[in-house]
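The values are calculated or read from the model by the stated rules, or taken from the named source; none is laboratory data. Keep in mind it's a predicted model, so treat the numbers as computed, not measured. Cβ placement follows ideal geometry from the backbone for every residue including glycine, while neighbour counts extend to all protein chains displayed. Surface areas here come from the heavy atoms of the whole protein model, side chains and all, with no ligands, DNA or RNA. Shrake-Rupley method; radii C 1.70, N 1.55, O 1.52, S 1.80 Å.
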Amino acid sequence: MKADVLLGLQWGDEGKGKVVDVLTPDYDLVTRFQGGPNAGHTLEFEGKKFVLRSIPSGIFQGNKVNIIGNGVVIDPALFKAEIDALETSGHPLTERLKISKKAHLILPTHRLLDACYESAKGIDKIGTTGKGIGPAYTDKVSRNGLRVGDILHNFEEKYKEAVSKHVTILKQHNFSYELAELEKDFFEGIEKIKTFELIDSEHFVNDALRKGRKVLAEGAQGTMLDIDFGSYPFVTSSNTICAGACTGLGIAPGRIGEVYGIFKAYCTRVGSGPFPTELFDETGDAMRKLGFEFGSVTGRPRRCGWIDLVALKYAVMINGVTKLIMMKSDVMDTFQTIKACVSYKINGEETEQFPFDIAEGAEPIYVELAGWQTDMTQMQSEDEFPEEFNTYLNFLEEELEVPIKIVSVGPDRAQTIIRYQD
Ligand code: GDP
Ligand code: IMO
Ligand code: MG
């Protein structure tokens with residue numbers, strides 16, 4: 001059996017949580033492979049709404065096993081808060097959530113360092129989620145990190161040593177901070193983590209595949225935030241792309257099956273960094289209002305703009321996407337016309353190739369399509385799609401050369417149209 005991967009093709013918040021929940025009945029295991037509580041994955045069903053940060057989105061459909069893989073960074077305090085809230089709402093997870101011993105820990109001082117580095121960058125700041133993601137991954141790569149497995153032996157000693165290095169840096173920056181309260185929550189979180197089964201997830205996942213179990217790997221963030229291929233330096237600190245599922249779970253490349261690429265019918269970005277198709281006019285405002293484009297973790301208004309096919313083609317290529325999923329098409333239900341960026345003009349030259357740095361002035365070249373001006377939110381099958389919507393779908397499929405398997409017409413689990421079964 002091969003593992004399927006589902007990941008974002010834009011700048012995150014494409015609707016990954018919703019679709020993982022919809023697809024979960026087809027799988028035995030749902031896993032996260034990178035990122036951490038910078039993610040905010042929203043799920044809505046039966047009038048309820050949940051936002052998951054570190055926990056995979058496969059926890060609400062049946063008794064599936066959910067795994068936090070080695071590529072994830074965990075903040076114990078936020079993890080505990082998430083688990084407690086889920087327990088209170090009737091979703092205890094101790095039996096069916098397992099955590100890799102190799103996942104790295106976000107320490108309280110990583111959060112402080114995140115804030116410290118952002119303020120040192122001034123107007124060039126990344127606009128991070130402030131969750132300590134960059135500093136935690138930096139420690140992992142520089143071989144100073146602490147892993148979940150470390151909490152089982154002499155943890156306080158290792159913790160003190162790591163924190164003392166961070167404190168030195170904070171002092172060098174004259175960064176004022178209060179650590180005691182953060183540490184209290186952190187150590188309560190560590191105790192909470194100990195109540196879960198801590199596993200060698202690479203063995204667990206590969207054994208499951210060998211036994212014919214179906215595995216879905218849930219990406220966080222999006223391809224344009226990937227540390228290598230995103231709009232560097234305005235990116236996150238992990239590999240958000242398909243290859244990240246290999247390193248973040250211990251699955252061999254040949255064991256990857258379908259790659260589901262998710263995108264919105266338009267485009268959003270939160271935080272700083274270039275965004276060629278961004279709109280600063282009433283159309284952008286309409287997208288924000290109709291799509292309720294406010295960060296699910298930080299509440300920040302998301303920047304909105306037209307769909308960018310140069311960036312999407314790049315994302316499809318890097319990830320080897322085999323199936324596309326289009327989200328939030330309902331947000332454009334009232335639009336008279338819809339634009340799609342098909343190439344960039346850079347230094348007077350037109351190109352369809354994603355450049356080294358889009359910050360160096362990539363002017364979007366658009367084609368215009370007719371809007372469908374029909375409320376699609378109650379539609380149940382593609383037979384009901386208006387003609388203009390079908391034209392938009394066909395246009396995207398031709399441009400991206402990958403079939404669009406699923407169309408989402410609203411935030412609820414039920415507002416999902418699967419166009420064909422394989
Ligand atoms: P994720 O990080 O990729 O899981 O996405 P987020 O949860 O951060 O953001 C997606 C937002 O859009 C959430 O508020 C979802 O409830 C909502 N959403 C998902 N799919 C649709 C859709 O098809 N239509 C509308 N209107 N909202 C959607
Ligand atoms: P999900 O999984 C959207 C953005 C931040 C910032 C940059 C770096 O919900 O799609 P970080 O805290 O990771 O160091 O921030 O990445 N960012 C996201 N934007 N959705 C996310 O996750 C994001 N996670 C990080 O806004 O620009
Ligand atoms: Mg999100």
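Within the range 354-369, being within 26 Å of the chain's Cα centre (by Cα), within 22 Å of Y266 (Cβ to Cβ) and open to solvent by 50 Å² or more (accessible area, probe 1.4 Å) holds for one residue alone: A359.
A residue that is within 13 Å of ligand 3 (Cβ to nearest atom) and within 15 Å of the chain's Cα centre (by Cα) can be found somewhere in the range 57-68. Across the range 223-239, which residue is most open to solvent (accessible area, probe 1.4 Å) among those that are among the small types (G, A, S) and farther than 13 Å from G273 by Cβ? Here the residue is S237.
Open to solvent by 40 Å² or more (accessible area, probe 1.4 Å), touching a residue at least 60 places away in the same chain (Cβ under 8 Å) and charged (D, E, K, R): is that true of R53 in this structure? Yes: the conditions hold for R53. Taken residue by residue, the range 91-98 has no member that is within 16 Å of ligand 1 (Cβ to nearest atom), in contact (Cβ under 8 Å) with a residue 40 or more places away in the chain and crowded, with 16+ Cβ neighbours inside 10 Å. Within the range 271-286, one or more residues are surrounded by fewer than 23 Cβ atoms within 10 Å (Cβ to Cβ) and within 16 Å of the chain's Cα centre (by Cα).
Scanning the range 23-54 for residues that are aliphatic (A, V, I, L, M) and within 16 Å of ligand 3 (Cβ to nearest atom) gives A39, L43, V51, L52.
Of all residues in the range 149-174, those that are assigned to a loop (DSSP other than H, G, I, E, B) and exposed (fewer than 11 other Cβ atoms within 10 Å of the Cβ) total 3.
Pairing residues of the range 138-165 that are without any contact (Cβ under 8 Å) to a residue 24 or more places away in the chain with residues that are of a type in the set (D, E) and assigned to a helix (DSSP H, G or I), at Cβ distances under 7 Å and at least 6 apart in sequence or on separate chains, gives K158/D150.
Is the range 329-336 home to any residue that is closer than 25 Å to T240 by Cα and either open to solvent by 40 Å² or more (accessible area, probe 1.4 Å) or in contact with a Pro (Cβ under 6 Å, 6 or more places away or on another chain) (or both)?
Within the range 329-336 (the criterion being closer than 25 Å to T240 by Cα and either open to solvent by 40 Å² or more (accessible area, probe 1.4 Å) or in contact with a Pro (Cβ under 6 Å, 6 or more places away or on another chain) (or both)), the answer is no, since none of the residues qualifies.
Taken over the range 281-293, the criterion of being within 19 Å of Q336 (Cβ to Cβ), in a loop (DSSP other than H, G, I, E, B) and of a type outside the set (G, A, S) is satisfied by D281 alone.
In the condition set (1) over 21 Å from I68 (Cβ atoms); (2) crowded, with 22+ Cβ neighbours inside 10 Å; (3) among the aromatic types (F, W, Y), F33 is compliant with all but (1). Residues satisfying the criterion are absent from the range 235-248 (criterion: within 29 Å of F389 (Cβ to Cβ), out of contact with any Leu (no Cβ under 6 Å at 6 or more places or on another chain) and away from ligand 2 (no atom under 16 Å from the Cβ)). For Y177, the criteria (1) open to solvent by 70 Å² or more (accessible area, probe 1.4 Å); (2) of a type outside the set (V, I, T); (3) without any contact (Cβ under 8 Å) to a residue 60 or more places away in the chain; (4) out of contact with any strand residue (DSSP E or B) (no Cβ under 6 Å at 6 or more places or on another chain) hold in every case but one, which is (3). Filtering the range 370-387 to residues that are open to solvent by less than 30 Å² (accessible area, probe 1.4 Å) and within 30 Å of T351 (Cβ to Cβ) leaves only G371.
Just give me the residues in the range 180-200 being small (G, A, S) and surrounded by fewer than 18 Cβ atoms within 10 Å (Cβ to Cβ), in sequence order. Scanning the range 180-200 gives a single hit, A180.
From the list V316, V310, V297, V321, pick out the single residue that is at negative phi, in contact with a helix residue (DSSP H, G or I) (Cβ under 6 Å, 6 or more places away or on another chain) and of a type in the set (V, I, T). Result: V316 is the single residue among V316, V310, V297, V321 that is at negative phi, in contact with a helix residue (DSSP H, G or I) (Cβ under 6 Å, 6 or more places away or on another chain) and of a type in the set (V, I, T).
Scoring L146 on the criteria (1) buried (at least 19 other Cβ atoms within 10 Å of the Cβ); (2) within 20 Å of I55 (Cβ to Cβ) leaves a single failure, condition (2).
The listed residues are I346, I325, and the only one of them that is within 14 Å of ligand 1 (Cβ to nearest atom) and either open to solvent by 10 Å² or more (accessible area, probe 1.4 Å) or closer than 21 Å to E218 by Cα (or both) turns out to be I325. Only residues that are assigned to a strand (DSSP E or B) and either aromatic (F, W, Y) or within 14 Å of ligand 1 (Cβ to nearest atom) (or both) were counted across the range 308-320, and they come to 0.
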